[in-house]
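What follows draws every value from the coordinates through simple rules; no lab data is involved. What you see is a predicted model, and the numbers here were worked out from it, not measured in a lab. With ideal geometry, Cβ positions are generated from the backbone for all residues, glycine too; neighbour counts draw on all protein chains shown.
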Amino acid sequence: MIKIGTRGSKLALWQAEYTQKQLKDLGVDSELVIIKTKGDNIQHLSFDKIEGKGFFTKELEESLLSGEVDMAVHSMKDLPTEQPAGLVLAAVSYRENPADWLIIRQGAEADGKLLRLPEEAIVGTSSARRKAQMLALRPDVQLKDIRGNVPTRLEKLRSGDFDAILLAAAGLQRLDIPLDDFTVVRFNPVEFVPAPAQGVLAFQCREADKETRRILAKLHHPEVAACTNVERKVLQLIGGGCHAPLGAYCKRDNAGNYHAWVAYAKAWDQPLRRAQLSQATHFRLAEQLLEQLS
């Protein structure tokens, strides 16, 4: 019986239950252990104002190290690039749609305007990365922090607190949330660049737990890992943590070539810089992207 550590939000539970099904297909029984994280408990601050790194993952990692759980399921984009001593990333999942979507409240659309947003529209996001890229496209918008799980954020939009909000397509699609009463602008991830590893789940366990590592290795998607490794290497080299104003996206084409895009600002209200590179291998791809930015 494998004990799976997870956060308690609807999306986190979807991710953990998906993992349970994957394990069941391998003939492995499991149970969920819900753990509250710092990011869950502090709902009044934007991400860049919460001290420390890994505030959606630290408590899960502590539960792993103490033996309370045998593995943890993370949104990979929330996971710091450095693993705590004694823990390993044993596997990564398939990748859901990595894009960001702009969800516009009914009645707030402005046809003929860029992104269909009215002048000085109030746009909700607590992500420094999304703020920086939104301002690069529409410098007139008013950015307003928003916290809470996906359904809570959509309810705040419906109630008129915002004209639009920015959300990850992966969460919306995994939860199968109907968006019929909104206007949806679906960004291309090469233009509005997502967070490193957005749309991917990471399965973490104790380094010494050979049996769990052996089981999780069967869930691993190496082709996804090859691309997310590039994206997370960019994040590691910049050194800003998971909530830096950084977008990094890498994909591999049918011929095996790697294509990568980076959008970075020193702060969310600073000018956005971009880099793009294609090559036959991922060797030094992240380093060369950073050289383009400097």
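Over the residues of the chain, the helix contribution to mean residue ellipticity at 222 nm works out to -8500 deg cm²/dmol, using -39500 (n - 2.57) for each DSSP H run of at least 4.
Computed on the chain, with alpha-carbon pairs under 8 angstrom and 6+ residues apart, the relative contact order is 22 percent. Footprinting exposure proxy ranking of K24, K77, fewest other C-beta atoms within 10 angstrom first, gives K24, K77.
In the stretch 73-125, Rg over Rh equals 1.23, where Rg is the alpha-carbon radius of gyration and Rh the Kirkwood radius from pairwise Cα distances. Rg/Rh for the stretch 100-186 (Cα atoms only, Rh after Kirkwood) is 0.92.
Between helix 128-137 and the chain there is an angle of about 30 degrees, using the helix long axis and the longest principal axis of the Cα atoms.
For I165, I35, the sequence from fewest to most other C-beta atoms within 10 Å is I35, I165.
Compute, for the chain, the length of the dipole vector about the Cα centre, with Cβ point charges of +1 (Lys, Arg) and -1 (Asp, Glu) only. Units Debye, rounded to 20.
340
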